[in-house]
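The values are calculated or read from the model by the stated rules, or taken from the named source; none is laboratory data. Computed from a predicted structure; not experimentally measured. Positions of Cβ are generated from backbone atoms using ideal geometry, with glycine treated the same way; all protein chains shown enter the neighbour counts. Protein only, heavy atoms only, side chains kept; ligands, DNA and RNA dropped before computing areas. Shrake-Rupley method; radii C 1.70, N 1.55, O 1.52, S 1.80 Å.
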Amino acid sequence: MSEPIISFRDAVKEFPARGPRRRRHRPQRAGAVRAVDGVTLDIAAGEVFGVIGYSGAGKSTLVRLVNALETTTAGSVVVDGTDLSGLSEARLRPVRAGIGMIFQQFNLLRSRTAAGNVAYPLEVAGWSKADRDARVAELLEFVGIADKADSYPSALSGGQKQRVGIARALATNPRILLADEATSALDPETTADVLALLQRVNRELGITVVVITHEMEVVRSICHRVAVMERGRVVELGDAYQVFSAPQQAVTRRFVASALRDRPSPAVLRRLRGRHPGRIVTVRIDEVSGSSAQVMEVLADRGVHGTIVYGGITEVAERPYGSLTLELVGSDTEVSAALAGLHAVTAVVDHGTAAAPLEDQSDGRRDTTGVGHDGGTPSASGDLRVRPHRPGGGPFGGPTGLVEGNDR
């Protein structure tokens, strides 16, 4: 990992509360609410770093420590080599000039056009009109709304407003871009477009992007690394692919399940067993443990017929990951040999058969909806169906999709 551009060291942020509050983990001031609780982590220059957590986890407070909109109660935050602790507003200005920020509700000035909104930070920074005009035109072209330069926010869609927000955040050539729930108010297709734009910002401009979100789908799509927060603490930290493929904490497993939905729920398993009398198993598909080709090769070598009845394979950090649920048909000896072979190449959950069902002993990461990723209902025809999943492409040469068989 390259040198950190943002470093937290045992960072604590407390807010006053009306009454006393007790915390088991560490002492705090009487009557204080600890929003950030002893966070230590580094964010490398040039990466897309995600901070994810449910409402009240402390993620938005954490990001506000980066640009000193909030100051630490204890510990330190170092941004681009400058320790922000105790800095005056005058000394914070040059640090903030290197940090752009976009928001869930866009925060555009209603009285200004798209061009006027992008120009505003340049006016504050004292740029000449000629330089401002050139920079604004360049940025609106970069974010794809050059034709909306003279439009007011009231005439723009949510996606267009967020593009204006991104252009404004980039106006002064920052090294860091903070995105606080930047896609939460957008529809799925517009979210995909905005996330693709943030990837361009990172790749083409070399800007470090810190994404604050409660949506694991956002992390799956664009983040290199991710920190999972709960009750003000970072409970899991690592490479996005590793966090997806081997989540260690219960809160992380819930987030991963919400993004993938690739494993059958108990209700879906009951329907699968009702229609498929063979052995039902779920196998993990990733670039380390096993590919779909390896799984099918193991089955063929043991003389077992495998039919995909449920599952999904998608991309995490541009690498394949997901699960397939199969019906295995063969003699008891052949199926036992196939299960042993599958265990040798990947993680396997054996659900048994309709006559002898087995309880799921997996890590709890499962689809709790019993429906497809896009909210549709499973196929009633018994035909295999692959439905498109956005954003991103498929890891095996085709579109990413949720695969469903006859699971009613």
Item to complete: In debye, nearest 20, what is the charge dipole magnitude of segment 25-165 about its Cα centre with +1 on Lys and Arg Cβ and -1 on Asp and Glu Cβ, if you could check?
Response: 500 debye
Response to the item:
Loop-resident trypsin sites (Lys or Arg not before Pro) in segment 264-327 with no more than 12 other Cβ atoms inside 10 Å, DSSP not H/G/I/E/B, are none
Worksheet item: Rounded to the nearest 20 Debye, what is the dipole magnitude of segment 97-148 about its Cα centre when Lys and Arg each give +1 and Asp and Glu each give -1 at the C-beta?
Response: 200 debye
Worksheet item: To the nearest 10 square angstrom, how much accessible area does Asp286 have with a 1.4 angstrom probe?
Response: 10 Å²
Discussion item. Which aspartates and glutamates, if any, have their Cα less than 12 Å from the Cα of Lys13, not counting same-chain residues under 8 positions apart?
Written reply: Asp37, Glu70
Worksheet item: Rounded to a whole number, what is D in µm²/s for segment 16-172 from Stokes-Einstein with the Kirkwood radius over alpha-carbon pairs (37 °C, 0.692 mPa s)?
Response: 181 µm²/s
Worksheet, complete the sentence: Output for segment 56-106 (equivalent-ellipsoid semi-axes, sqrt of 5λ from the C-alpha gyration tensor, Å, descending) is 18, 15, 9
Worksheet entry | Span from the segment 67-140 Cα centroid across to the segment 277-348 one, whole angstrom | 51 Å
Worksheet item: Ser154 versus Leu69, label points 7 Å from Cα toward the beta carbon: distance in nm?
Response: 2.6 nm
Worksheet item: FRET efficiency for Thr307 and Gln199, Cβ-Cβ distance as r, R0 = 45 Å, nearest 0.05?
Response: 0.75
Item to complete: Run the numbers on segment 26-94 and let me know its relative contact order in percent, using alpha-carbon pairs under 8 Å that are six or more apart.
Response: 19 percent
Worksheet item: Going 7 Å from the Cα of Glu123 in the Cα-to-Cβ direction, what parts of segment 152-179 have a backbone nitrogen less than 19 Å from that spot?
Response: 152-155, 164-173
Worksheet, complete the sentence: Contour minus Cα-Cα span, Ala137 to Arg319, at 0.36 nm per residue, comes to 62.0 nm
Worksheet item: Under the Karplus relation 6.51 cos²θ - 1.76 cosθ + 1.60, θ = phi - 60°, what is the ordered set of whole-Hz ³J(HN,Hα) values for segment 299-314, x standing for Gly and Pro?
Response: 5, 5, 5, 9, x, 9, 8, x, 10, 6, 10, 6, x, x, 10, 9
Worksheet item: For segment 166-301, what relative contact order do you get, as a whole percent, if you take Cα pairs closer than 8 Å and at least 6 residues apart?
Response: 15 percent
Fill in: Using θ = phi - 60° and Karplus 6.51 cos²θ - 1.76 cosθ + 1.60, couplings along segment 234-240 (whole Hz; Gly, Pro as x)
7, 9, 8, 8, x, 4, 4
Worksheet entry | Modelled FRET efficiency - R0 25 Å, Ser76 with Gln242, Cβ distances, 0.05 increments | 0.35
Practice prompt. Take the Cβ-Cβ distance between Ala293 and Leu358 as r, set R0 to 30 Å, and report the resulting FRET efficiency rounded to the nearest 0.05.
Written response: 0.70
Item to complete: Starting from the Cα of Lys161, draw a straight line to each of the lysines and keep only those under 24 Å, dropping any in the same chain fewer than 8 residues away.
Response: Lys59, Lys129, Lys148
Discussion item. So for segment 265-336, averaging the separation of alpha carbon pairs under 8 Å that are six or more residues apart and normalising by length, what relative contact order in percent results?
Written reply: 38 percent
